[in-house]
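Only one structure is covered here, and it is reproduced in the block below.
The values are calculated or read from the model by the stated rules, or taken from the named source; none is laboratory data. Because the structure is predicted, anything quoted here is derived from the model rather than measured. With ideal geometry, Cβ positions are generated from the backbone for all residues, glycine too; neighbour counts draw on all protein chains shown. Protein only, heavy atoms only, side chains kept; ligands, DNA and RNA dropped before computing areas. Shrake-Rupley method; radii C 1.70, N 1.55, O 1.52, S 1.80 Å.
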Amino acid sequence: MTDQEPRPRPRLGVFKFASCDGCQLTLLDCEDELLPLADEVEIRHFLEASGAVAPGPYDLSLVEGSITTPEDARRIRQVRADSRHLVTIGACATAGGVQALRNFADVEEFTRTVYATPEYISTLATSTPVSAHVPVDFELRGCPIDRGQLLEVVTAYLSGRRPDIPDHSVCFACKRRGTVCVTVAHGTPCLGPVTHAGCGAICPAFGRGCYGCFGPARSTNLPAYIPVLRRDGMDERDVTRFLRTYNAAAFEEPSVRESRP
Amino acid sequence: MTDSPGTERAVLDRDGLGALVRELRARGHTVVGPTVRDGAVVLDEIDSADRLPFGWGVEHEAGRYRLRPREDGAAFAHSAGPQSWKAYLHPQRLREWTADREADGRITVRAEEPARVSYAFLGVQPCDLRAIAVQDRVLGGGAYTDEGYRGRRARAFLVVAECTEPGATCFCVSMGTGPGAPGDAAYDLALTEVVDDGGHRFLVRAGSPAGAEVLAALPRRPADGATAEAAREAVADAATRMGRTMPGTDLHALMAGTLEADRWDDVASRCLTCGNCTMVCPTCFCTSTEDVGDLTGDHAERWRRWESCFDLDFSHLPGGPVRSSGRSRYRQWLTHKLGTWHDQFGSSGCVGCGRCIVWCPVGIDITEEAAALDREWSARTLPPTAPAEPGDARGRSPGRTGP
């Protein structure tokens, strides 16, 4: 290809909203694939990697973080307008993240308690996923996202195909890798049966229950599973806390939420 | 327990079992057998009979599994564990081919050569022996043969351990698949473990020339009447201790006749659609293809991975999943397993191992669901007060088979 005109490379933008940067870090953590990636795309906006930014439009934008301020809400619309293909990465951008716990509380009370000068704080009452503000082309789950899945999304985008990101339960991964079920064999509370696969079922492989970092699987029946969590020693408060972590309200169907104090 | 012509019955002691593992390894087999890991009797590659779960039993219930120590030190007194032999014969993920774009733009596709591994499975319970036979028909025969499966299967040496300790979720007797290994089944050696005042020993018989050859190489003694009788009794006694029973009705007709039963809504309200039942089922064989490429687009691979009818993607067509409800997916699984499997492959897809009951996180019980469908069907097909209208919602009318 050296004798030919260099083909135009797709322009990549990486944007951050309310988040811990861990998902962007997953991109930097691609190590062996990072340089080939830099050959295939033109990285124009990726503040965690470089202060040199170039304006849009971007062919592919990866968006980390949730929308928690009026400024976020304005900026995400600009990112959308500048992006041909917008992919959210991680639990914050797809479900509001752990900071969406504010959605169940009084944010004004939080700001009064935490900040010496709360009037300086300009924040929304809720933390919401990007999809609550603008159309999203693909949502990649996880807290943080899985490196292999991120590369799959980018590779699929470059070759113009649908990414192969299964949306079934974590149990699929446990059974495929031969992990003994921690719920059935040990009585350990585990969110695997209702959680979206993608991490490779790491926690059960170490004898821990799944924490639900990837949010709900596409097809779940959470009300039918709660009695199992209760059987394994969780009281009502434990169950609520178990469900409301990195994906906050995402697990809970409205009917379940309403029945809970 | 009938002897095949030309084969002997012999007795091995614990050392003989050790010699069996050594002999199989010496013949180039990768020996896979039950062993204890992470609170369960799992299948793993073993280099010595010492790794067998001597002294471990299992307590099963719907959605519950616990290891229990056994005082008798038995090695094969544990019914079905979390995995089945399909993990080896029908691996969860396999590369099928790779493709590369060469510098001149040509694309070269290379089919993956299946690994030439030759397994010896030690401790195949009769229900699982039947499950292997089911997968032989599905994957190893018919118009669409999986050559990789056929090779792995042809090279595999099967050592059956007849079941003497069924679990609370076992129902092989009502499926006609156990607890003994029938004379017509395909295996190489069959063991029956006996632990009594006469010691810890294994009555063994050969089921193939290869089995007879291996047996001839082991330290053994001729079968004595007491051991043979104790073995016969242990298996006969196991048959009386099944924790579950599949209804004796014609399941093929039951499945075809209950497609619109209310019970499907009932089970769907409990089913998580997590897919565990299909993953642990020793006969479920469905796979999906996975195409992976590198960032340059110059290298691509096709892989095959286990798939499940509980996955929405399983029935994804351009308009979306055909079976979008949990009801339609559970029904697909059960009606295939117990009903249409007969039409497709000439047998039931269920061997009564009980894994789907044990490893379902919410303990959905296939025998209970079949029994409930049977009750509902009987109630509807018993002489009604008035003849049913054609095309009513009883589910026995033609044309109401869609999900």
- Antiparallel bridges, percent of DSSP beta bridges restricted to chain A (to nearest 5): 20
- Tilt of helix A:222-231 relative to the longest C-alpha principal axis of chain A, in degrees (0 to 90, nearest 10)? 50
- What dipole magnitude, in Debye to the nearest 20, does segment B:44-132 give about its Cα centre under +1 on Lys/Arg Cβ and -1 on Asp/Glu Cβ? 260
- Task: Apply the Debye scattering formula to segment B:9-239, with a single equal point scatterer on each alpha-carbon and no solvent, then give log10 I(q)/I(0) at q = 0.09, 0.10 Å⁻¹.
- Result: -0.40, -0.48
- Any chance you could look up the accessible area of residue B:56 with a 1.4 Å probe, heavy atoms only, rounded to 10 Å²? 90
- Nearest 20 debye, what's the magnitude of the dipole of segment B:251-381 about its Cα centre given +1 on Lys and Arg Cβ and -1 on Asp and Glu Cβ? 340
- Tell me, which longest segment in chain B has none of the GluC sites (Glu not before Pro) that fall in DSSP loops with at most 12 further Cβ atoms within 10 Å? B:103-403
- Message: Viscosity 1.306 mPa s, temperature 10 °C: what is the translational diffusion coefficient of segment A:170-258 from Stokes-Einstein with a Kirkwood Rh over Cα pairs, rounded to a whole number of µm²/s?
- Response: 123
- Task: For segment A:11-158, report the accessible area per residue in Å² (1.4 Å probe, heavy atoms, rounded to an integer).
- Result: 46
- Find how many whole Å separate the alpha carbon centroid of segment A:143-199 from the alpha carbon centroid of segment B:293-310. 15
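In Å, what Kirkwood hydrodynamic radius results for chain B from the alpha-carbon pair distances?
Radius from the Kirkwood sum: 22.9 Å.
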- Note on the structure: With bins of 10 Å, the percent of all Cα-Cα pairs of segment B:225-291 per bin from 0 is 13, 22, 32, 19, 11, 2
- Query: Considering chain B as a Gaussian network with a 10 Å cut-off on Cα pairs, which listed residue, B:176, B:293, B:352, attains the greatest mean-square fluctuation?
  - Reply: B:293
- Order the following by accessible area, largest value first: A:53, B:351. Probe radius 1.4 Å; ligands, DNA and RNA are ignored. A:53, B:351
- Rule-of-thumb check for segment B:251-381: C-alpha Rg over 2.2 N^0.38 Å? 1.20
- Select from chain B the helices, each a whole stretch of DSSP H, whose alpha-carbon atoms run 30 Å or more along the helix axis and whose Kyte-Doolittle mean is at least 0.0; answer none if there are none. none
- Item | B versus A: buried accessible surface, summed, Å² (probe 1.4 Å, to nearest 100) | 3200
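Ordering B:270, A:230, B:329 from largest to smallest accessible area (1.4 angstrom probe), what's the sequence? Show your work: numbers first, answer last.
Numbers: B:270 70, A:230 110, B:329 5 Å².
These residues rank, largest area first, as A:230, B:270, B:329.
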- Query: Based solely on its DSSP helices, what 222 nm [θ] is calculated for chain B when runs of n ≥ 4 H residues each add -39,500 (n - 2.57) and the sum is averaged over all residues, nearest 500 deg cm²/dmol?
  - Reply: -8500 deg cm²/dmol
- Message: Placing +1 on the Cβ of each Lys and Arg and -1 on the Cβ of each Asp and Glu in the protein assembly as shown, which of A:142, B:251, A:207 has its Cα farthest towards the positive end of the resulting dipole?
- Response: B:251
- Where labels lie 7 Å past Cα in the beta-carbon direction, separation of residue A:234 and residue B:233 in nm: 5.0
- So how strong a dipole does segment B:137-213 carry about its Cα centre when Lys and Arg Cβ are +1 and Asp and Glu Cβ are -1, to the nearest 20 debye? 400
- Query: How would B:67, B:254 line up by accessible area, probe 1.4 Å, largest first?
  - Reply: B:67, B:254
- Task: Could you work out the longest stretch of chain A that avoids the chymotrypsin sites (Phe, Trp or Tyr not before Pro) located in DSSP loops with at most 13 other Cβ atoms within 10 Å?
- Result: A:1-114
- Query: Build a GNM of chain A with springs between Cα atoms under 10 Å: which of A:70, A:216, A:57 gets the top mean-square fluctuation?
  - Reply: A:70
- Query: So what is the 222 nm mean residue ellipticity for chain A from helices alone, if each DSSP H run of at least 4 adds -39500 (n - 2.57) and you divide by all residues, rounding to the nearest 500 deg cm²/dmol?
  - Reply: -9500 deg cm²/dmol
- At q = 0.14, 0.15 Å⁻¹, base-10 log of I(q)/I(0) for segment A:11-158 (Debye sum, equal scatterers on each alpha carbon): -0.66, -0.74
- Which of the lysines could a cross-linker span from residue B:86 if the Cα-Cα distance has to be under 29 Å and same-chain partners fewer than 8 positions apart are dropped? A:175, B:337
- Item | Per-selection Kirkwood Rh - chain A (Cα, Å, 1 d.p.) | 19.7
- Output the relative contact order of segment A:11-158, whole-number percent, from Cα pairs under 8 angstrom with separation of 6+ residues. 28
- Note on the structure: Checking segment B:127-213 for chymotrypsin sites (Phe, Trp or Tyr not before Pro) in a loop per DSSP with at most 11 other beta-carbon atoms within 10 Å yields B:144
- Task: Report the antiparallel proportion of the DSSP beta bridges in the protein assembly as shown as a percent, rounded to a multiple of 5.
- Result: 65
- Quote the Stokes-Einstein diffusion coefficient, in whole µm² s⁻¹, for the protein assembly as shown, based on the Kirkwood radius over alpha carbon pairs, a temperature of 20 °C and a viscosity of 1.002 mPa s. 77
- Item | Within a Gaussian network of chain A (alpha carbon springs, distance under 10 Å), most fluctuating of A:50, A:19, A:127 | A:50
- Message: If you count only protein heavy atoms and use a 1.4 Å probe, how large is the accessible surface of residue A:21, to the nearest 10 Å²?
- Response: 40
